């Protein structure tokens, strides 16, 4: 595949990880944080959720907007206050974005029984391209540690991966899907993924 095809795929098609676990999100409002062009917002809206797509780039938000998708332009790294109240979202999806100070706020904004789906780059990604700065790469097991570091927002890890992927391009990634305390997921529902 050419680089242009890979880029097009990454912009238009949801991550396999997100697509796999999105059906676990309970009905309600879902946050697509650092949404980019809205590939996950569109998937979540197609599953019947009201979606809030958030990004700092107005051009990307214009691409993300659509039926059942509201948008909010905010730079979450500017020092501005976190704009979301505790327990608001039944699901939060974050891909290809890392700003460590936000992690406790993300968990706090997840409703009891809500699903967190997080996927971003990990150490070693510099061998394949950008990002390559340690500031933007998760250390081994870091998503698990961040999930465990917030006892008031206890989560149960449903799935976790840390390693190499070749889709949509070669990269080192970490991925987690977790449920916030307050809802038991039935084994029948887990078999769907």
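The values are calculated or read from the model by the stated rules, or taken from the named source; none is laboratory data. Since we're looking at a predicted model, the values are computed, not measured. With ideal geometry, Cβ positions are generated from the backbone for all residues, glycine too; neighbour counts draw on all protein chains shown.
Looking only at residues in the range 114-151 that are within 20 Å of residue 85 (Cα to Cα) and out of contact with any helix residue (DSSP H, G or I) (no Cβ under 8 Å at 6 or more places or on another chain), the one that is surrounded by the fewest Cβ atoms within 10 Å (Cβ to Cβ) is 151.
Name the residues in the range 148-162 that are within 17 Å of residue 98 (Cβ to Cβ) and in a strand (DSSP E or B), would you? Listed by number, the residues that qualify are 160, 161, 162. Has the range 65-73 got any residue that is under 16 Å from residue 118 (Cβ atoms) and surrounded by 15 or more Cβ atoms within 10 Å (Cβ to Cβ)? Looking through the range 65-73, none of the residues is under 16 Å from residue 118 (Cβ atoms) and surrounded by 15 or more Cβ atoms within 10 Å (Cβ to Cβ).
Residue check: residue 98 meets all listed conditions (1) under 20 Å from residue 39 (Cα atoms); (2) buried (at least 22 other Cβ atoms within 10 Å of the Cβ) but one, namely (2).
Conditions (1) at positive phi; (2) at pLDDT 90 or above, marked per residue:
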residue: 134; (1), (2): no, no
residue: 141; (1), (2): yes, yes
residue: 148; (1), (2): no, no
residue: 155; (1), (2): no, no
residue: 159; (1), (2): no, yes
residue: 167; (1), (2): no, no
residue: 186; (1), (2): no, no
residue: 192; (1), (2): no, no
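With respect to being crowded, with 18+ Cβ neighbours inside 10 Å, in contact with a helix residue (DSSP H, G or I) (Cβ under 7 Å, 6 or more places away or on another chain) and closer than 14 Å to residue 181 by Cα, residue 92 falls outside the description. When 103, 84 are checked against the criterion of being more than 19 Å from residue 21 (Cα to Cα), at pLDDT 95 or above and surrounded by 19 or more Cβ atoms within 10 Å (Cβ to Cβ), a single residue qualifies: 84.
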